[in-house]
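Chemist: This structure is in structure tokens; I'll ask about it shortly.
The values are calculated or read from the model by the stated rules, or taken from the named source; none is laboratory data. Remember, it's a predicted structure, so these values are computed and weren't measured experimentally. As a convention, Cβ positions derive from the backbone with ideal geometry for all residues, glycine included, and neighbour counts pool all protein chains shown.
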Amino acid sequence: MTEALDGLFDPLWIEIILLWTPSESLCPTYCIHMKRSSSQARRLFLRALTTLASGALVIASSQVLHAQDGDTERPLIAYVGTYTSPLKNVLSTQVDLPPGNGRGIHLFQVDRDTGAMTPCGLHEMGTSPSALAFNDDQTRLYSANETERIGKNEAGSISAFAIDLTDGTLKLLNSVSSGGKGPAHLSVHPSGKFVLAANYFGGSVVVLPIRPDGSLGPASDFKKDEGKIGPTKATNAPPGSFAISGHDLAHAHMIEADPSGRFVLHVDLGLDKIYLWKFDDEKGLLSPNDPASVSLPPGDGPRHFHFHPNGRWLYSLQEEGSTIVLFDYDSAHGKLSQRKTISSLPPGFAGSNFCSGILVSEDGRFVYAGNRLHDSIGIFSIGENGELTFVADEWTRGDYPRSFNFDPTGKFLYSCNQRGDNIAVFRVDQKLGTLKFTGKYTPVGNPSTIVFLDLAE
């Protein structure tokens with residue numbers, strides 16, 4: 001069939017318009033008058049057929065918008081995970097209780113030139129889908145539902161969705177237990193065969209097999225964190241800090257494989273440790289590496305980490321210590337060696353702060369660290385040896401930035417201001433690393449995370 005389509009669509013002019021009655025569950029999709037290569041034409045035709053099968057009207061037209069080669073009108077979609085209901089059965093020491101202003105996974109169409117977002121859909125969920133991750137080809141989306149209870153089971157859940165590549169809408173495939181309370185993070189293993197999830201209130205991590213259709217099977221492995229709980233006062237807390245959040249129990253906060261997939265790392269904020277596991281990608285099993293963990297300063301609370309594109313450096317962000325730690329990473333043996341620690345805050349800061357997310361730019365030149373209460377993103381340049389130098393900090397234009405992310409081009413950064421009920425859009429100076437507010441806000445209740453899908457690709 002591929003050869004037949006190639007013959008049918010030898011470079012030619014294609015004119016297609018997709019029309020339907022707008023609804024809040026569908027994102028408008030446009031195809032335009034364009035000259036395409038055979039492969040591009042084939043792809044466009046197949047997508048048009050998919051849309052036709054779902055009920056869209058496809059018509060030929062000569063009165064359509066003209067575009068240059070390489071331009072497209074197919075949308076860029078943003079998926080925003082939110083807190084939809086207050087968490088239950090939590091300890092009094094947990095200060096980060098969301099009010100539950102979100103409605104589930106919110107969909108937005110993104111303006112590629114300005115970064116502005118327009119609502120175009122909603123998948124309603126009452127289980128706080130606070131973390132999202134795609135599979136490798138971005139045909140499936142997975143959510144960590146940060147609830148404490150599903151029915152009588154005191155555990156959260158992980159949901160799998162199929163993505164309609166004509167408009168970005170979601171179809172629930174299934175939901176399975178996360179094995180512990182409050183799953184706060186998930187990732188897809190590089191093999192594409194497993195979802196890894198961290199249960200914050202459960203103090204545990206779980207491995208979930210991905211079935212051929214993208215749905216999730218029962219857990220192939222489960223690990224419960226155990227050890228000495230760190231002190232409530234962080235070793236490296238800023239002067240005058242009253243930041244106390246996670247040193248009451250074990251709190252697994254993030255889990256992700258290294259770039260090779262041979263090893264899996266997860267952090268426990270309450271135990272002040274980064275765990276290192278050997279991973280069997282055939283059976284989906286975790287086994288302790290040697291050493292099995294590395295310790296961070298007592299009370300500092302490791303929250304998130306991000307590998308440098310070279311795979312040799314890992315940057316760990318500590319929630320209560322407000323620090324970034326540079327580790328050298330031995331990818332052959334899955335070992336971390338701590339090298340340098342700096343503050344995530346501007347020089348001279350005093351008072352309380354909770355760190356949130358950390359990202360390394362795709363070109364490997366900058367690190368971005370989120371600061372809640374200070375409500376800023378710290379910007380750091382990366383030296384030739386991986387060490388960081390403070391560049392600037394940018395106010396997030398909202399309260400409590402829980403996470404942030406770049407669009408696929410790296411030209412825009414989106415800050416999810418959890419308590420401010422908005423997402424603020426910044427333009428990235430890719431030479432200097434600095435951020436400039438675009439003036440664009442998007443209202444959304446308790447945004448927790450944002451990920452992007454480019455339907456033009």
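Chemist: What are the residues in segment 222-281 that are hydrophobic (A, V, I, L, M, F, W, C) and more than 22 Å from Gly321 (Cα to Cα), if any?
Modeler: Filtering segment 222-281 for residues hydrophobic (A, V, I, L, M, F, W, C) gives 222, 229, 234, 237, 242-244, 249-250, 252, 254-255, 257, 263-265, 267, 269, 271, 274, 276-277, 279.
Matches in segment 222-281: Phe222, Ala257, Phe263, Val264, Trp277, Phe279.
Chemist: Something else: Can Val451 be described as closer than 23 Å to His304 by Cβ and either of a type in the set (Asp, Glu) or touching a Gly at 6+ places or on another chain (Cβ under 7 Å) (or both)?
Modeler: Working: closer than 23 Å to His304 by Cβ: yes; either of a type in the set (Asp, Glu) or touching a Gly at 6+ places or on another chain (Cβ under 7 Å) (or both): no.
Answer is no for this residue.
Chemist: Return the pairs, sorted by first residue and then second, in which the second residue is among the small types (Gly, Ala, Ser) and assigned to a loop (DSSP other than H, G, I, E, B), the first residue lies in segment 416-442 and is closer than 13 Å to Pro401 by Cα and at pLDDT 95 or above, the beta carbons are less than 7 Å apart, and the residues are 6+ apart or on different chains.
Modeler: Listed by first residue and then by second, the contacts come to Asn417/Gly398; Gly420/Gly398; Asp421/Gly445; Asn422/Gly398; Ala424/Gly398; Val425/Gly115; Val425/Ala116.
Chemist: Being among the small types (Gly, Ala, Ser) and in contact with a Ser or Thr (Cβ under 8 Å, 6 or more places away or on another chain) is the filter here; which residues of segment 223-245 pass it? Spell out how you get there, then give the answer.
Modeler: Residues of segment 223-245 that are among the small types (Gly, Ala, Ser), as a first pass: 227, 230, 234, 237, 240-241, 243, 245.
Matches in segment 223-245: Ala234, Ala237, Gly240, Ser241, Ala243, Ser245.
Chemist: Check segment 216-229 and report whether any residue there is buried (at least 21 other Cβ atoms within 10 Å of the Cβ) and either in a loop (DSSP other than H, G, I, E, B) or in contact with a helix residue (DSSP H, G or I) (Cβ under 8 Å, 6 or more places away or on another chain) (or both).
Modeler: yes
Chemist: Another one. Starting from segment 213-230, take each residue that is under 20 Å from Asp137 (Cα atoms) and in contact (Cβ under 8 Å) with a residue 24 or more places away in the chain and list its partners that are assigned to a strand (DSSP E or B) and among the β-branched types (Val, Ile, Thr), counting only C-beta distances under 8 angstrom and pairs at least six apart or across chains.
Modeler: Taking only residues 6 or more apart or on different chains, the pairs are Leu216/Ile158; Leu216/Val176; Leu216/Val195; Leu216/Ile210; Gly217/Val176; Gly217/Ile210.
Chemist: Check Gly126 against each of (1) part of a loop (DSSP other than H, G, I, E, B); (2) in contact with a Pro (Cβ under 8 Å, 6 or more places away or on another chain); (3) closer than 24 Å to Gly202 by Cβ and name the one condition it does not meet.
Modeler: (2)
Chemist: Condition first: surrounded by 24 or more Cβ atoms within 10 Å (Cβ to Cβ), touching a strand residue (DSSP E or B) at 6+ places or on another chain (Cβ under 7 Å) and over 19 Å from Ala332 (Cα atoms). Now tell me which residues in segment 254-287 satisfy that.
Modeler: Listed by number, the residues that qualify are Met254, Ile255, Val267, Asp268, Leu269, Asp272.
Chemist: Quick check on segment 385-393. Is at least one of its residues of a type in the set (Asp, Glu) and assigned to a strand (DSSP E or B)?
Modeler: The answer is yes, given that some residue of segment 385-393 is of a type in the set (Asp, Glu) and assigned to a strand (DSSP E or B).
Matching residues to (1) touching a Cys at 6+ places or on another chain (Cβ under 9 Å); (2) among the hydrophobic types (A, V, I, L, M, F, W, C):
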| position | (1), (2) |
| --- | --- |
| Ser403 | yes, no |
| Pro408 | no, no |
| Arg427 | no, no |
| Leu435 | no, yes |
| Thr438 | no, no |
| Thr442 | no, no |
| Ile450 | yes, yes |
| Leu453 | no, yes |
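Chemist: Return yes or no: is Leu317 over 21 Å from Val360 (Cα atoms), surrounded by 22 or more Cβ atoms within 10 Å (Cβ to Cβ) and at pLDDT 95 or above? Show your work before the answer.
Modeler: Values: over 21 Å from Val360 (Cα atoms): no; surrounded by 22 or more Cβ atoms within 10 Å (Cβ to Cβ): yes; at pLDDT 95 or above: yes.
Criteria not met by Leu317.
Chemist: Suppose we filter segment 403-443 for residues that are in a loop (DSSP other than H, G, I, E, B) and either buried (at least 24 other Cβ atoms within 10 Å of the Cβ) or hydroxyl-bearing (Ser, Thr, Tyr) (or both); how many remain? Spell out the reasoning first.
Modeler: Our first condition is that a residue be in a loop (DSSP other than H, G, I, E, B); within segment 403-443, this holds for 407-411, 418-421, 429-434.
Among the residues that remain, those that are also either buried (at least 24 other Cβ atoms within 10 Å of the Cβ) or hydroxyl-bearing (Ser, Thr, Tyr) (or both) are: 409, 418, 434.
Total meeting the criteria: 3.
Chemist: Sticking with this structure for a sec: What is the residue count in segment 158-179 for residues that are surrounded by fewer than 23 Cβ atoms within 10 Å (Cβ to Cβ), of a type outside the set (A, V, I, L, M, F, W, C) and in a strand (DSSP E or B)?
Modeler: 4
Chemist: A further question follows. When you go through Asn145, Asn153 one by one, which is the residue that is out of contact with any Leu (no Cβ under 8 Å at 6 or more places or on another chain) and crowded, with 24+ Cβ neighbours inside 10 Å?
Modeler: So the residue among Asn145, Asn153 that is out of contact with any Leu (no Cβ under 8 Å at 6 or more places or on another chain) and crowded, with 24+ Cβ neighbours inside 10 Å is Asn145.
Chemist: Among the candidates Ser376, Ser344, which residue alone is hydroxyl-bearing (Ser, Thr, Tyr), crowded, with 20+ Cβ neighbours inside 10 Å and farther than 26 Å from Asp258 by Cβ?
Modeler: Values: Ser344 fails: farther than 26 Å from Asp258 by Cβ.
Exactly one of Ser376, Ser344 is hydroxyl-bearing (Ser, Thr, Tyr), crowded, with 20+ Cβ neighbours inside 10 Å and farther than 26 Å from Asp258 by Cβ, namely Ser376.
Chemist: Output the strands (runs of 3 or more DSSP E) that fall wholly within segment 251-346 and possess 2 or more residues being touching a Cys at 6+ places or on another chain (Cβ under 9 Å) and in contact (Cβ under 8 Å) with a residue 60 or more places away in the chain, or say none.
Modeler: Numbers: elements: 252-257, 263-268, 273-280, 285-295, 302-307, 313-318, 323-330, 335-343.
Once the strands (runs of 3 or more DSSP E) in segment 251-346 are filtered for at least 2 residues that are touching a Cys at 6+ places or on another chain (Cβ under 9 Å) and in contact (Cβ under 8 Å) with a residue 60 or more places away in the chain, what remains is 323-330.
Chemist: Looking at Ala198, Ala243, which one is under 19 Å from Asn135 (Cα atoms) and either of a type in the set (A, V, I, L, M) or crowded, with 20+ Cβ neighbours inside 10 Å (or both)? Spell out the reasoning first.
Modeler: Numbers: Ala243 fails: under 19 Å from Asn135 (Cα atoms).
Testing whether each residue is under 19 Å from Asn135 (Cα atoms) and either of a type in the set (A, V, I, L, M) or crowded, with 20+ Cβ neighbours inside 10 Å (or both) leaves just Ala198.
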